[in-house]
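Written out below as structure tokens is the structure these notes cover.
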Amino acid sequence: MQLDSFIEDGDYPETSELWKFPIGIYNQNGEIRYYEFRVLNDGEVIAAITINTQESLGGPVAYVFSMKGYFDSLMELYNNGALSENEIPRIIDNVYPNYAVAASQVTKSGSITFEKLLSPENGEEVQELNSIISTEEFISENPDVFTEEEKSEKLEEISNYRQEMNEFWKAAKENKGNLGNMLFRGGSKKQRKEVDSGNIQKAIDKCAEITKKRNSKSYSKPVGYGACGATASGFILDYFDANFENVPNWNKIKSYDERIDALRSALSIRDNSSITWPWNLTGAVSKYSNYKIESCSFWPKASINNNIPGINLRALKFTSWDDLTGGFHYRNVVAYKEEGWWIFKWKYIKILDGNNCEDGWEAYNPFWHVSSYNVVKK
């Protein structure tokens, strides 16, 4: 049903189809965290529709991403000796769609144990996996990051979402095998808003021009400005520079390194830290344009404001940040949509991430999406 919807919206060709069998994505405890169904067109993998495996984690669909295959990575690990022919590889969640590869064993009881975790890029051993932190956990461990009003609103949104998911899974079980007919009878009410793709590509090309790392029109995301907060803010400034807004103070910073320094200074990133605190997020956009960034914690329709990209915050725990209770990961949002009817109503945001491989549609889930931000006139 989700593939049909994305085909109808023009995201994938009409001839697209799903693999019959999914790829299991495991967590570090040897349990399946996601099922990844590859989308094929003319025999080639063009995307993946990834679903949650547990009701408690949210709605059925988690991600709809354009993704590269795992086959080449696995073959390289075998070829360079990182994996032996006797070792069974498993794909392990490392803040999906990032992943590690595990050499695994199946015990007599049927459980799965991992003997080693390997980086798919270089075959080196991964000592510890990164992980997503739930919004509730993040708020509990970082009580001063948001105001009492913001925390109350977010926790209310989570409570409402949890109730909606309980109602969905109850109805799904009661109507197993008949959901397609129910959706057809009910019809589908859709709303969708996205930043013009041509304007996005102009901003990507502008970023590539500054970094001198890429000049291809086919490149689909900006080159990062180091820290994720700097990358998300820098892309908005590049968007202004490449399109309709006059940003002379940003435009005159010509070198990539100087732009990184300017962004870090404006965002108060100090002492080799890559953290941008939410209250400092507006710093760079406010300093170098006539706009500012403001929070919109609930369903992020306002993340796309007047054809300007927004920003979404997700909380992570990074292995290199053992002294912190949680890390921040900001990603640009370039579209949102809501579709379906009754309890079968789904919300998505489209991510454009210059620091990661997370480019595509992501089911909006307040369990994991801590906050959203839009760009408005001062």
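Below, the figures for the structure above:
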| read-out | value |
| --- | --- |
| Residue in segment 246-256 that is touching a Phe, Trp or Tyr at 6+ places or on another chain (Cβ under 6 Å), at pLDDT below 80, surrounded by fewer than 21 Cβ atoms within 10 Å (Cβ to Cβ) and not in a loop (DSSP other than H, G, I, E, B) present | no |
| Segment 257-304, residues that are at pLDDT 85 or above, open to solvent by 40 Å² or more (accessible area, probe 1.4 Å) and not in a loop (DSSP other than H, G, I, E, B) | Asp257, Glu258, Asp261, Arg264, Ser265, Trp279, Lys287, Lys292, Glu294, Ser295 |
| Every residue from segment 12-65 that is farther than 15 Å from Pro97 by Cβ and of a type in the set (Asp, Glu) | Glu14, Glu17, Glu31, Asp42, Glu44, Glu55 |
| Residues satisfying the stated conditions in segment 362-378, i.e. in a loop (DSSP other than H, G, I, E, B) and of a type in the set (Ser, Thr, Tyr) | Tyr364 |
| Unmet requirement for Glu128, which otherwise passes all of (1) surrounded by fewer than 18 Cβ atoms within 10 Å (Cβ to Cβ); (2) closer than 19 Å to Trp19 by Cα | (2) |
| Single unsatisfied condition, Ala102 versus (1) part of a strand (DSSP E or B); (2) without any contact (Cβ under 8 Å) to a residue 40 or more places away in the chain | (2) |
| Some residue of segment 107-124 being touching a strand residue (DSSP E or B) at 6+ places or on another chain (Cβ under 9 Å), open to solvent by 80 Å² or more (accessible area, probe 1.4 Å), assigned to a strand (DSSP E or B) and free of Cβ contacts under 8 Å to residues at least 24 places away in the same chain | no |
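The values are calculated or read from the model by the stated rules, or taken from the named source; none is laboratory data. Treat the numbers as computed from the prediction; the structure is a model and nothing was measured. Methodologically, a virtual Cβ is constructed for each residue, glycine included, from the backbone with ideal geometry; neighbour enumeration extends over all protein chains shown. Calculation scope for accessible area: heavy atoms of the full protein, side chains included, ligands and nucleic acids excluded. Shrake-Rupley method; radii C 1.70, N 1.55, O 1.52, S 1.80 Å.
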